Amino acid sequence: MHSNVFSRTELVRLGHDDTAIRASVRSGDLIRLRRGWFATPAADPDTVAAVRAGGVLACVSALRHHALWIPPTARGLHIRFSRHGERSRRRRCQGHGRPHPFVGAVDSIPIALDCAARCLDRESWIVIADSALATLRWSRTELASAMPACPAQVRRWLRDCDTRAQSGTETMVRLRLRARGYAVEVQPEIPGMGGWTCEWGVF
Ligand SMILES: [Zn+2]
């Protein structure tokens, strides 16, 4: 789902020159949010708010925009500002290592996960990372490669992710049972049960 918020660079890439952009702003087909950033009237409100504030939609908010499973405790509008971004009282999010350039109005899943590691606890982060792995159809190694600057703690969290998880609640159960010392088998094959698989099994 596109946010319908565009940088000038994106609009030019789509074939609109500055004259056409100005004409669209005058006609109301585009709304100027700040210098170099525009939205259609139907644009995603969270992305519009993030860009108006001087950043892009990031972290938990970007992950929600990408339709990942987000724990109900992860709230608020998460914005990533450029180093020279406007000052704002809104929540600021940032990843690890050198700041990523703004490619679009909504951060990609790997960049957003990198930011979210600073904003979330371990369980919430792993829940979303499990959902990301399922959505992207990536292995943990592929996701780690897309977050090269993330610290050792986040790499440990990533090792506790599981590409087979089918829901956020399943991930929570897996993590909580293992934290209490239970051995948990994910998606076990049950002989004689046909195609049926349990969400989780405890042995
Ligand atoms: Zn955040």
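Please determine whether any residue of the stretch 5-27 is of a type in the set (F, W, Y), out of contact with any Pro (no Cβ under 9 Å at 6 or more places or on another chain) and modelled with pLDDT under 95. Let's see the steps before the verdict.
We begin by selecting, within the stretch 5-27, every residue of a type in the set (F, W, Y); these are 6.
Still in the list and also out of contact with any Pro (no Cβ under 9 Å at 6 or more places or on another chain): 6.
Of the ones still in play, those that are also modelled with pLDDT under 95 are none.
The answer is no, given that none of the residues of the stretch 5-27 is of a type in the set (F, W, Y), out of contact with any Pro (no Cβ under 9 Å at 6 or more places or on another chain) and modelled with pLDDT under 95.
The criterion of at least 3 residues that are surrounded by fewer than 19 Cβ atoms within 10 Å (Cβ to Cβ) and of a type in the set (K, R) is met, among helices (runs of 4 or more DSSP H) falling completely within the stretch 97-168, by 152-159. In the stretch 184-201 there is no residue matching the filter, namely being modelled with pLDDT under 95, crowded, with 17+ Cβ neighbours inside 10 Å, out of contact with any Phe, Trp or Tyr (no Cβ under 6 Å at 6 or more places or on another chain) and of a type in the set (S, T, Y). The residues of the stretch 2-49 that are surrounded by fewer than 16 Cβ atoms within 10 Å (Cβ to Cβ) and at positive phi, listed by number, are G15, G28, G36. Do we have M172 as at pLDDT below 95 and surrounded by fewer than 17 Cβ atoms within 10 Å (Cβ to Cβ) here? When the stated conditions are applied, M172 does not pass them. Residues in the stretch 128-152 that are of a type in the set (S, T, Y) and under 14 Å from A67 (Cβ atoms): S131, T135. With respect to (1) modelled with pLDDT of 90 or more; (2) more than 15 Å from R118 (Cα to Cα), the lone exception for V60 is condition (2). Here A112 passes the criteria (1) in contact with a helix residue (DSSP H, G or I) (Cβ under 7 Å, 6 or more places away or on another chain); (2) modelled with pLDDT under 95 except the one numbered (2). Test P101 against the stated conditions and say whether it is within 30 Å of L33 (Cβ to Cβ), at pLDDT below 90, more than 13 Å from the chain's Cα centre (by Cα) and not hydrophobic (A, V, I, L, M, F, W, C). When the stated conditions are applied, P101 passes them. The residue of the stretch 56-80 that is nearest to F102 (Cα to Cα), among those that are without any contact (Cβ under 8 Å) to a residue 60 or more places away in the chain and buried (at least 24 other Cβ atoms within 10 Å of the Cβ), is V56.
The values are calculated or read from the model by the stated rules, or taken from the named source; none is laboratory data. Nothing here was measured: the structure is a model prediction, and the numbers come from that model. All Cβ positions, glycine included, derive from the backbone under ideal geometry; neighbour counts span all protein chains shown.
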